[in-house]
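Everything on this sheet refers to the single structure shown next.
The values are calculated or read from the model by the stated rules, or taken from the named source; none is laboratory data. Remember, predicted model here, so these are calculated numbers, not experimental data. Glycine gets a Cβ as well: all are built from the backbone with ideal geometry, and neighbour counts include every protein chain shown. With ligands, DNA and RNA removed, areas are computed over all heavy atoms of the protein, side chains included. Shrake-Rupley method; radii C 1.70, N 1.55, O 1.52, S 1.80 Å.
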Amino acid sequence: MLKEKILLIGGGGHCKSVIDVIESQNRFEIAGIVDKKECLGQKVLGYEIIASDDDLEDLINKYKYAVITVGQLKNTDVRIALFENLKRIGFELPVITSSRAYVSKHAQVNEGTVVMHDVLINAGSLIKENCIINSKALIEHDAIINENCHISTGAVINGGVIVEKNCFVGSNVVTKQYITIKENSFIKAGSLQV
Amino acid sequence: MLKEKILLIGGGGHCKSVIDVIESQNRFEIAGIVDKKECLGQKVLGYEIIASDDDLEDLINKYKYAVITVGQLKNTDVRIALFENLKRIGFELPVITSSRAYVSKHAQVNEGTVVMHDVLINAGSLIKENCIINSKALIEHDAIINENCHISTGAVINGGVIVEKNCFVGSNVVTKQYITIKENSFIKAGSLQV
Amino acid sequence: MLKEKILLIGGGGHCKSVIDVIESQNRFEIAGIVDKKECLGQKVLGYEIIASDDDLEDLINKYKYAVITVGQLKNTDVRIALFENLKRIGFELPVITSSRAYVSKHAQVNEGTVVMHDVLINAGSLIKENCIINSKALIEHDAIINENCHISTGAVINGGVIVEKNCFVGSNVVTKQYITIKENSFIKAGSLQV
């Protein structure tokens with residue numbers, strides 16, 4: 001099967017993890033990475049930085065698909081701005097799901113979201129646009145993760161929890177069932193949310 | 001292969017997760033759900049609530065297998081009463097194991113226990129009757145989980161630990177090796193047990 | 001395919017977990033276990049203790065491969081001494097990786113290290129000699145684990161972290177990104193490292 005080409009937007013550490021996921025998924029061929037002008041020609045795991053943000057309006061003539069590979073720690077603004085810009089230009093932002101992740105057929109994941117290795121998304125849950133569900137995270141039954149959230153490595157979002165938009169949920173966080181995490185929250189790694 | 005039919009006892013949130021596991025296992029066909037009379041006709045992930053607890057004595061004439069899909073938080077009484085009632089009537093309560101879970105061939109799991117997605121049960125361990133080993137939980141080598149326990153999502157039961165009967169071990173709990181968790185314990189999510 | 005024979009050095013609880021991993025890997029046939037003289041003839045999961053440490057100089061004439069199956073809690077000295085002795089005698093200490101683990105093709109794992117069930121080692125990371133990466137541990141992108149470390153069950157080593165040599169990182173520990181854990185550290189189970 002001929003694979004479709006995809007652009008990676010952002011060449012840092014998170015980009016490496018996403019490359020590994022895209023390779024595992026075996027659906028897309030990585031066309032190259034878009035980053036700052038001064039990084040042009042550098043490589044990440046063998047893939048070249050072929051363009052900068054200024055070139056996106058031209059790149060749409062050549063490539064249909066893009067995935068945001070900028071990470072998200074304290075601030076969601078960069079990933080939100082990139083998402084809006086890529087959509088405005090006309091890129092499609094497919095769901096990228098690791099071949100090692102499990103998404104229940106009774107769950108829904110929306111565009112621009114990346115589901116990393118060993119993630120489990122259980123029945124009845126909904127993941128909205130432009131999220132990172134990072135390695136080994138668990139989204140239990142009936143949970144809702146709203147737009148632009150990063151559920152970090154190993155975090156456990158228990159049944160029926162609602163994570164409002166633009167949240168950072170730290171690594172190995174665990175939540176009680178059926179709670180709500182408010183918009184723009186920064187939840188510290190390893191903490192218990194009740 | 002013709003799949004055998006199974007009844008699900010309890011139609012709440014945990015039921016959704018168990019449905020996902022049964023579908024993944026591909027051994028049983030879900031005959032329907034048993035819940036309160038006032039819920040008759042309602043559906044859970046497309047499966048109908050076809051009977052109430054009062055009908056169980058009749059249902060045994062039609063169905064051989066049942067699985068308890070009521071969850072367990074503070075109190076194990078409901079699951080214990082259901083288990084005893086179902087056994088008395090004559091139902092078989094098979095072990096339900098997700099196709100994504102791993103149970104060592106050197107481990108043993110007893111009837112009525114459900115092993116959810118991404119669980120790992122290591123060599124030399126024993127899980128007794130009527131337990132929930134929930135998503136992504138880890139039961140290490142030589143651990144013993146006694147009857148009617150719920151080992152919640154992401155919990156880590158380390159090597160040689162004994163969990164006595166009727167315990168709730170919260171989400172993402174981690175235990176030291178070779179400790180004993182006493183009968184009827186409620187272990188808070190995210191805590192360290194030493 | 002004819003499997004090559006391997007000796008297991010140490011017959012305790014960790015040995016059981018490693019046996020399960022070797023069986024899953026299906027590359028080596030377990031020739032037997034080496035432990036104390038007074039344990040000769042005892043069995044672990046059906047494999048016999050066939051020799052004691054004093055016999056290693058003779059066993060090299062019969063077996064090429066060995067794996068250290070002694071666990072590591074407070075002290076790394078035993079595993080370091082065993083590693084050096086086995087190397088001196090001439091044994092090869094292959095990487096043992098569970099069929100359920102994932103090691104990115106962009107990662108590197110060195111000799112004598114055992115990668116247990118459900119471990120995830122992500123792109124750009126490096127695991128040096130004689131480590132235990134225990135069940136369900138996560139080593140994120142660009143992390144470096146130096147010699148003789150035990151990363152315990154369910155621990156999360158986040159992106160770019162350096163764990164210096166001879167460390168014990170407890171079960172379910174979570175680290176911030178890009179920190180360094182100093183040589184000979186003992187990191188308590190369930191703790192957050194920032």
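When the residues of the range C:135-177 are narrowed to those that are touching a residue at least 60 places away in the same chain (Cβ under 8 Å) and assigned to a strand (DSSP E or B), which ends up farthest from the chain's Cα centre (by Cα)?
Applying the filter and picking the extreme gives C:Phe168.
Let's see how each residue does on (1) surrounded by fewer than 24 Cβ atoms within 10 Å (Cβ to Cβ); (2) at the interface with another protein chain (Cβ under 9 Å from one of its Cβ atoms):
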{"position": "C:Asn134", "(1), (2)": "no, yes"}
{"position": "C:Ala137", "(1), (2)": "no, no"}
{"position": "C:Glu140", "(1), (2)": "no, yes"}
{"position": "C:Glu147", "(1), (2)": "yes, no"}
{"position": "C:Ile151", "(1), (2)": "no, no"}
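Go over the candidates B:Ile50, B:Ile33, B:Ile60 one by one and state the one that is open to solvent by 40 Å² or more (accessible area, probe 1.4 Å), under 26 Å from A:His106 (Cα atoms) and touching a Gly at 6+ places or on another chain (Cβ under 6 Å).
B:Ile50
Within the range A:77-113, work out how many residues are outside any helix (DSSP H, G or I) and either of a type in the set (Ser, Thr, Tyr) or under 12 Å from the mean Cα position of the chain (by Cα) (or both).
Result for the range A:77-113: 14.
Assuming C:Leu45 fulfils every condition listed in (1) in contact with a strand residue (DSSP E or B) (Cβ under 8 Å, 6 or more places away or on another chain); (2) more than 20 Å from C:Thr113 (Cβ to Cβ) apart from one, which condition is it?
(1)
Looking only at residues in the range C:1-32 that are without any contact (Cβ under 8 Å) to a residue 60 or more places away in the chain and within 14 Å of chain B (Cβ to nearest Cβ), which one is farthest from B:Tyr178 (Cα to Cα)?
My answer is C:Ile30.
Show the residue pairs that are 6+ apart or on different chains and have beta-carbon atoms under 6 Å apart, the first residue being within the range B:178-189 and touching a residue at least 24 places away in the same chain (Cβ under 8 Å), the second being open to solvent by 90 Å² or more (accessible area, probe 1.4 Å) and in a loop (DSSP other than H, G, I, E, B).
Correct list of pairs: empty, since none qualify.
Run C:Val194 past the list (1) touching a residue at least 40 places away in the same chain (Cβ under 8 Å); (2) at the interface with chain A (Cβ under 10 Å from one of its Cβ atoms) and report the number of the one that doesn't hold.
Exception for C:Val194: condition (1).
With the requirement that a residue be at negative phi and crowded, with 21+ Cβ neighbours inside 10 Å, what does the range B:165-176 give you?
Those that are at negative phi and crowded, with 21+ Cβ neighbours inside 10 Å: B:Cys167, B:Phe168, B:Val169, B:Gly170, B:Ser171, B:Val173, B:Val174, B:Thr175.
Counting only residues that are touching a Phe, Trp or Tyr at 6+ places or on another chain (Cβ under 8 Å) and open to solvent by less than 40 Å² (accessible area, probe 1.4 Å), which one in the range C:177-191 is nearest to the other protein chains (Cβ to nearest Cβ)?
Among them, the one singled out is C:Ile187.
Output the residues belonging to the range B:67-124 that are farther than 17 Å from B:Leu7 by Cα, open to solvent by 10 Å² or more (accessible area, probe 1.4 Å) and of a type in the set (S, T, N, Q).
B:Asn75, B:Thr76, B:Ser99, B:Gln108, B:Asn110
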